[in-house]
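The values are calculated or read from the model by the stated rules, or taken from the named source; none is laboratory data. Keep in mind the model is a prediction, meaning the values are calculated, not measured. Using ideal geometry, Cβ is built from the backbone for each residue, glycine included, and neighbour counts are taken over all protein chains shown. Surface accessibility is based on the protein's heavy atoms, side chains included, excluding ligands, DNA and RNA. Shrake-Rupley method; radii C 1.70, N 1.55, O 1.52, S 1.80 Å.
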Amino acid sequence: MARATIRGSDGYETVRLRAADDSVVVVREYVPGARTRGVVVLIHGLLSSSDIFDVPGVPQSSLARFLRDAGYSVFSYDQRGAGESTCARWNFGLGELALAELPQVIEYALSRTGASRVELGGHSLGGLIAYVLRAALAAPGARVGTLTASCLGKSISVAGPCWFDPALDPWARILAQGPGFFRRLEGTTPGVVTRAGFIRGQTMLEHPWLGRLMHPAIVEGMIDVASWTPRLASLLRRSPLPNLLYAADDFDDETFRCELRSRALHRCSRQLLDEVLRCVRDGQVRVAHDGRAACLPDDLASAAPFDLLTITSRADRFVPAADVARAHGVVRGGASVYCEQEWGITSSHNGYFFKDGLYQQVYRRIKAFLEA
């Protein structure tokens, strides 16, 4: 990939990597002041961006800065079409994200630092993307680009499913509505699902009467106004929207405003959502791209052993805690942390990075895991 580096004044450098299809993937590089203790690549989730790890205006809750200050070289990136990255075509899915884009970012991180391996940290779908890459490298001698299994060190999955159990909420409710649920996720561009359309779809799962009254343009307008108006932000934080990704007590008003102004809830490919729906129906994840294939959980079970830390909450209504913890029945090593058991604190799907009292514990646990 061609690359262009822009010196940043926000504590990181921005690198633009150009893919073969002319998509541009924007990578943030956080360089420690002293000799690096290791290299960490952070992978965001669905309808998100690298802002989830470093929301502008909320530096105290930044996982990327926390790990950099602990001595790690940290690379986060916006997946194609999200955040500052561009997308040449919107018909992409898990194959492109896990078996083309992530390997290219890892290859860049290795070449930039001279390291021989990276540690992976994923949130939500980002955790699943990391599992898919490991599964594709499970066979002896397998390669994805220049990567082999030895290039991947430890893994951290925060609210990231290993695969999908169709008997669990919210998968069961989404399956009950079938394709109709996804047709409600309106977008302004063909093949694109916007954050407003996604929020409307979530609301319909919980409050059908309210979802029917909403139009994505109204939701988008509310988000834009609330991001600059403290009083409206406070009201929106406590409203029924969005009710799966957020919980009112995961933010104070100012943090919530910064979250709305960031790109941490953005847009994604409709094909990607359709693939996730098929995975939920099958109870397995099957991914193929450019002659490479991966199946979860089967291929992951045969992967080389790796240390794994999963962090989840039974109060997370977007990704069931059981789907996060079950990875430990497949791979060897590591531990699963339930927030309620470890620290007596619950979390919604994004609260692991923002809830005061919780994110500090989560970050310290991640640091201890990397240092062990």
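Structure values in brief
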quantity: Extreme residue, positive dipole direction of the chain, given options W163, A139, F354 (C-beta unit charges); calculated: A139
quantity: About the Cα centre, charge dipole magnitude for region 295-372 (Lys/Arg +1, Asp/Glu -1 at Cβ), debye; calculated: 180 debye
quantity: For the chain, with +1 on Lys and Arg beta carbons and -1 on Asp and Glu, the positive-most of G121, S23, I174 along the dipole; calculated: S23
quantity: Length-normalised contact order of region 253-372 in % [C-alpha pairs under 8 Å, at least 6 apart]; calculated: 18 percent
quantity: Mean residue ellipticity (222 nm) of the chain, computed from DSSP H runs ≥ 4 via -39,500 (n - 2.57), nearest 500; calculated: -9500 deg cm²/dmol
quantity: Relative compactness, the chain, computed as alpha-carbon Rg over 2.2 N^0.38 Å; calculated: 0.92
quantity: Computed Kirkwood radius, in angstrom, where 1/r is averaged over Cα pairs of region 217-303; calculated: 15.9 Å
quantity: Region 59-116 - percent relative contact order, Cα under 8 Å, separation 6 or more; calculated: 22 percent
quantity: Accessible surface of region 301-343 [probe 1.4 Å, protein heavy atoms]: carbon and sulfur percent; calculated: 47 percent
quantity: Extension gain (nm, one decimal) between D224 and Q341, 0.36 nm per residue minus Cα-Cα; calculated: 38.4 nm
quantity: Value in Å of the Kirkwood radius, where region 107-246 supplies the Cα pairs that are averaged; calculated: 18.2 Å
quantity: Mean shadow area of region 280-372, taken as a quarter of the surface of its Cα convex hull (nm²); calculated: 7.4 nm²
quantity: Alpha carbon Rg of region 265-321, scaled by the compact-globule rule 2.2 N^0.38 Å; calculated: 1.39
quantity: Length-normalised contact order for the chain - Cα pairs under 8 Å, 6+ apart - percent; calculated: 19 percent
quantity: For region 69-220, size of Cβ-based charge dipole, Lys and Arg +1, Asp and Glu -1, in debye; calculated: 260 debye
quantity: Computed label-point distance, nm, for sites A142 and L175 using a 7 Å Cα→Cβ extension; calculated: 2.5 nm
quantity: Given charges at beta-carbon only (K, R positive; D, E negative), |dipole| of the chain in Debye; calculated: 280 debye
quantity: Cut-off 12 Å, label 7 Å out along Cα→Cβ of A34, residues of region 47-90 by amide N; calculated: 69-72
quantity: List H289, H349, ordered by accessible area with a 1.4 Å probe, largest first; calculated: H289, H349
quantity: Computed FRET value (nearest 0.05) for R278 with S302, which takes r as the C-beta separation and R₀ as 22 Å; calculated: 0.45
quantity: Per residue, in Å², the accessible surface of region 49-149 once ligands and nucleic acids are set aside, probe 1.4 Å; calculated: 27 Å²
quantity: Cα centroid of region 99-175 to Cα centroid of region 247-291, whole Å; calculated: 16 Å
quantity: Where labels lie 7 Å past Cα in the beta-carbon direction, separation of T189 and A88 in nm; calculated: 1.5 nm
